[in-house]
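Since the structure comes first, as C-alpha cells, the remarks are kept for the end.
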Amino acid sequence: MNSVIETILNHRSQRSFLPRPLSNEQIKMIVESAQAASTSSFIQAYSIIGITNPDKKRALAELAGSQTYVEENGHLMIFCADLYRHTMVGEIESRNLKESLESTEKFMVASIDAALAAQNAAIAAESMGLGICYIGGIRNNLPEVCKILKTPERVIPLFGMVFGYPDQVNDKKPRLPIEHVYMEEEYEQDKEVYTEQLESYNRTISEYYKERTGGKRADTWTSQMADMLSAGRRMYMKAFIEEKGLNRK
C-alpha cells in the first residue's frame with residue numbers, strides 16, 4: 001500500500017479543530033490540487049470561495065444548522081457549481097449558449113466537476129495531516145447563502161468543506177460491504193443476496209455505535225436512512241436552481 005492509498009483509506013470526518021488557521025501556502029496547495037481533478041470536456045464548471053471573515057463564518061454556521069465547526073476551523077471553503085463564466089464565454093464569443101447552459105446535462109457536469117475538485121482538495125489536505133468535513137448543511141437555505149457569498153446567476157453553492165488541525169481524531173466509520181457497492185457485468189439481480197448484504201452491514205454499524213457510545217446507541221444503517229428519507233428535506237431546491245438559470249431543460 002502506498003502513501004496515497006493509505007491517506008484515502010484513513011479518511012474520517014473531522015468536526016473538532018485546534019484554533020490554528022491554515023497558511024496561505026496550504027490554501028494555495030489545496031486549491032491547486034482541486035484544480036488538478038478531472039473535468040468534463042475541460043469545461044471547469046466550478047468555483048471555490050474561501051471564507052475567513054468571522055462574521056460570515058458565524059452566519060454560514062447558523063444557516064448550516066448551528067454547526068459550530070463551520071465557524072471554528074482552520075479554513076472554510078464553499079464549492080459551487082458555476083456556469084456563470086460560461087455565460088461570459090457566450091458574451092465574449094458572441095454565441096447564444098442559453099439552451100445548453102440551462103440543460104440538466106450541464107448542471108450535472110457542473111455538480112460533478114465541483115465534487116471531483118472537492119475530493120481532490122480533501123485528499124490533499126489529509127495528506128498534509130489536516131482534517132476535513134463536508135458541509136451539506138449550507139443547502140438548508142441557499143437563498144441566504146447566495147446573498148452572503150454574492151453569487152451571480154448560474155452559480156449554485158453545493159456544499160462547504162472545513163479544514164483544520166484535528167483537536168481529537170474520530171473513529172473511522174465502516175462503509176458498505178465492497179461486494180454490495182462493486183458489481184461485475186451487471187447490477188445484482190438477487191433480492192435475497194442484496195438484502196442480506198444490507199442486513200450484514202446493519203449488524204456492523206450497530207456494533208460500531210455500541211462500542212462508540214458504551215451501549216447507549218445501537219441503531220442500524222437502514223433505520224437511519226429510512227428516518228432521514230421519510231421526511232422531505234430542502235424540497236425548495238428544484239425551483240431555486242431553475243430560478244438561478246440552471247436545470248431548466
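The residues Glu144, Glu99, when put in order of fewest to most other Cβ atoms within 10 Å, stand as Glu99, Glu144.
Please give the charge dipole size of segment 78-222, origin at the Cα centre, charges +1 on K and R Cβ atoms and -1 on D and E Cβ atoms. Round to the nearest 20 debye. Present the calculation step by step, with values, prior to reporting the outcome.
On the way: 17 positive and 24 negative charges, 185 e Å.
Approximately 880 debye in magnitude.
Only helices enter this figure: runs of n ≥ 4 DSSP H residues, each worth -39500 (n - 2.57), summed and divided by the residues of the chain, yield -14500 deg cm²/dmol at 222 nm to the nearest 500.
The convex hull of the Cα atoms of segment 178-218, projected and averaged over all directions, covers 3.1 nm². When +1 charges are put on Lys and Arg Cβ atoms and -1 charges on Asp and Glu Cβ atoms, the dipole computed for the chain relative to its Cα centre reaches about 1020 debye. Taking amide hydrogens as placed 1.01 Å from N in the peptide plane, the amide H of Gly164 sits under 5 Å from those of Gly74, Gly131, each at least 5 positions away in sequence or on another chain.
With charges only on Cβ, +1 for K and R and -1 for D and E, what is the dipole size of segment 178-218 about its Cα centre, in debye, rounded to 20? Display every interim value, and only then the final one.
Working: 6 positive and 11 negative charges, 150 e Å.
For segment 178-218, the charge dipole is close to 720 debye.
Could you state the orientation-averaged shadow area of the convex hull built on the Cα atoms of segment 140-249, in nm² to one decimal? Numbers along the way, then the final one.
Details: hull surface 46.3 nm².
The number I arrive at for segment 140-249 is 11.6 nm².
Given their separation in residues at 0.36 nm each and the Cα-Cα distance between them, Asp55 and Arg217 gain 54.7 nm when the chain is fully extended.
Any idea what the relative contact order of the chain is, in percent, if you count C-alpha pairs under 8 Å spaced at least 6 apart?
Numbers: 359 pairs, mean separation 64.6, N = 249.
After rounding, I find 26 percent.
So what is log10(I(q)/I(0)) for the chain at q = 0.07, 0.15 1/Å, when the Debye sum runs over its Cα atoms only? Ignoring solvent entirely, the Cα scatterers give -0.29, -1.26. Full extension of the chain between Glu91 and Ile43 gives 15.7 nm of extra length, using 0.36 nm per residue less the Cα-Cα distance. Highest mean packing comes first when the peptides 148-161, 36-49, 214-227 are listed by Cβ atoms within 10 Å, giving 148-161, 36-49, 214-227.
Since every read-out is calculated from the coordinates, none of them should be taken as a lab result. No experiment lies behind these values; they were computed from the predicted model shown. Every residue, glycine as well, gets a Cβ built from its backbone with ideal geometry; the counts of neighbours run over all protein chains shown.
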